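First the structure, in the form of structure tokens, and then the observations on it.
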Amino acid sequence: GSAMAAVRDVEIDPEGTFKYILVRLQRPGGGEQRDIVRGTKAAEFHNHIFEKLNPEMEKLGYECKCLGGGKIEHNSKDKKIRVFGLSTGYGKADHSVTVEILKKEYTGYEITWSDDKK
């Protein structure tokens, strides 16, 4: 398997409301690429998530591009995830893309998105 397969599509906190970013991984010079979702309460700002992810991905030989951000509200008890909001620095991610990625990982969840700020 490729190193890309070893990178998880989604890494988000199991509970709560937190910032998230949508990131495109690409091999230098094009070719293989995919989008991943990362979100955590530990990040006060969206760029904190990116600054932690970027060196990890560079070690694996990927270029990272942040496609935007927002917030995720994860309710594991009710199996619901809501994607909303935006990142001041990176702009708004395409939440519909984020939802499709989340659905692969969180099967059986009700996953919705909106352009609401809160």
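The values are calculated or read from the model by the stated rules, or taken from the named source; none is laboratory data. Everything quoted here is computed from the prediction, not taken from an experiment. Note that we place each Cβ from the backbone using ideal geometry, even for glycine, and neighbour counts take in every protein chain shown. For the accessible areas, the whole protein counts, side chains as well, though only heavy atoms, and no ligand, DNA or RNA atoms are used. Shrake-Rupley method; radii C 1.70, N 1.55, O 1.52, S 1.80 Å.
Selection of first residues in the stretch 38-56 that are without any contact (Cβ under 8 Å) to a residue 24 or more places away in the chain and of second residues that are open to solvent by less than 30 Å² (accessible area, probe 1.4 Å) and of a type outside the set (Phe, Trp, Tyr), restricted to Cβ pairs under 6 Å at least 6 apart or on distinct chains, gives the following pairs, ordered by first then second residue: Asn54/Cys64.
Here Val83 meets each of (1) farther than 14 Å from Ile111 by Cα; (2) hydrophobic (A, V, I, L, M, F, W, C); (3) touching a residue at least 40 places away in the same chain (Cβ under 8 Å); (4) open to solvent by less than 80 Å² (accessible area, probe 1.4 Å) with one exception, condition (1).
Considering only residues in the stretch 87-109 that are assigned to a loop (DSSP other than H, G, I, E, B) and within 26 Å of Glu44 (Cβ to Cβ), the one that is most open to solvent (accessible area, probe 1.4 Å) turns out to be Thr88.
Kindly indicate whether any position in the stretch 64-74 is open to solvent by 30 Å² or more (accessible area, probe 1.4 Å), over 22 Å from Glu110 (Cβ atoms) and within 14 Å of the chain's Cα centre (by Cα). I'd like the intermediate steps shown before the answer.
Taking the stretch 64-74 and keeping what is open to solvent by 30 Å² or more (accessible area, probe 1.4 Å), we get 65, 67, 71, 73.
Cutting the leftovers down to over 22 Å from Glu110 (Cβ atoms) gives us 65, 67.
Keeping just the survivors that are within 14 Å of the chain's Cα centre (by Cα) gives 65, 67.
For the stretch 64-74, residues open to solvent by 30 Å² or more (accessible area, probe 1.4 Å), over 22 Å from Glu110 (Cβ atoms) and within 14 Å of the chain's Cα centre (by Cα): present.
Considering the stretch 1-31, and only residues there that are among the charged types (D, E, K, R) and surrounded by fewer than 19 Cβ atoms within 10 Å (Cβ to Cβ), the residue that is farthest from the chain's Cα centre (by Cα) turns out to be Arg27. Checking Lys65, Lys80, Lys103, Lys59 one by one, the residue that is basic (Lys, Arg) and farther than 19 Å from Arg8 by Cα is Lys80 and no other.
Is it fair to say Arg34 is under 12 Å from the mean Cα position of the chain (by Cα), modelled with pLDDT under 95 and either open to solvent by less than 50 Å² (accessible area, probe 1.4 Å) or not small (Gly, Ala, Ser) (or both)?
Numbers: under 12 Å from the mean Cα position of the chain (by Cα): yes; modelled with pLDDT under 95: yes; either open to solvent by less than 50 Å² (accessible area, probe 1.4 Å) or not small (Gly, Ala, Ser) (or both): yes.
Against the criterion (under 12 Å from the mean Cα position of the chain (by Cα), modelled with pLDDT under 95 and either open to solvent by less than 50 Å² (accessible area, probe 1.4 Å) or not small (Gly, Ala, Ser) (or both)), Arg34 qualifies.
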